[in-house]
Structures are given as C-alpha cells and as structure tokens.
1. Return only the number of the condition from (1) at pLDDT 95 or above; (2) within 10 Å of the chain's Cα centre (by Cα) that PRO55 does not satisfy.
2. For region 1-35, which residues satisfy the criterion of being touching a Ser or Thr at 6+ places or on another chain (Cβ under 8 Å), outside any strand (DSSP E or B) and within 18 Å of ASP57 (Cα to Cα)?
3. Kindly indicate the residue of region 41-68 that is part of a loop (DSSP other than H, G, I, E, B) and hydrophobic (A, V, I, L, M, F, W, C) and also farthest from THR5 (Cα to Cα) among those meeting that condition.
4. Within the group LEU38, LEU71, which residue is among the hydrophobic types (A, V, I, L, M, F, W, C), more than 17 Å from GLU7 (Cβ to Cβ) and part of a loop (DSSP other than H, G, I, E, B)?
5. Only one residue in ILE8, ILE4 is of a type in the set (Val, Ile, Thr), under 17 Å from LEU68 (Cα atoms) and in contact (Cβ under 8 Å) with a residue 24 or more places away in the chain, so which one is that?
Amino acid sequence: MKQITIEIQCRLPADKKTLSLQASPGATVAEVLAEAGLTGISEAIVVYNGQAVCPDDKLTADGVIIILPLLCGG
C-alpha cells in the first residue's frame, strides 16, 4: 500500500520542532501524532492542510499538520 508523507510542525511555546514521517492512508491524526511522540498535548489547535481537525479525523493525502497554541497572535 502506498504511504503518505506527513510533515508535523509543532509551534507550541514549550515545544517547537518540525518532523516528517510516513503513514498509511486512513491513519488518524491521533495515531500520527502518537507515532511522532507528540502525546498529551492539550489546549492546542491542530490543522491539517489548512483545516482544523479532530484526533479521530483520517489523513488521506500528503500534507502538513500544524499544532498551534489556543492563544496565538497579538
């Protein structure tokens, strides 16, 4: 089965990093974040290819997950 490439950009104040990994199409956001070692994140907005997502949403194509703090901007 073809794998999809996911880039993860964590922009939380205490944890800023960028990761890239391969996942199976249909993997959930929660599964991909767990595989990347990003568990226990609370009070954050998770965006996949420009749209807010929930942990149980399925990823179907290559893309970027961005993790943002709830309060951002200025």
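The values are calculated or read from the model by the stated rules, or taken from the named source; none is laboratory data. Keep in mind that this is a model prediction, so the values were computed, not measured. Cβ coordinates were reconstructed from backbone atoms using ideal geometry, including for glycine residues, and neighbour counts include every protein chain displayed.
1. Unmet for PRO55, out of (1) at pLDDT 95 or above; (2) within 10 Å of the chain's Cα centre (by Cα): (1).
2. GLN3, PRO25, GLY26, LEU33
3. ILE41
4. LEU71
5. When all the criteria are applied, what remains is ILE8.
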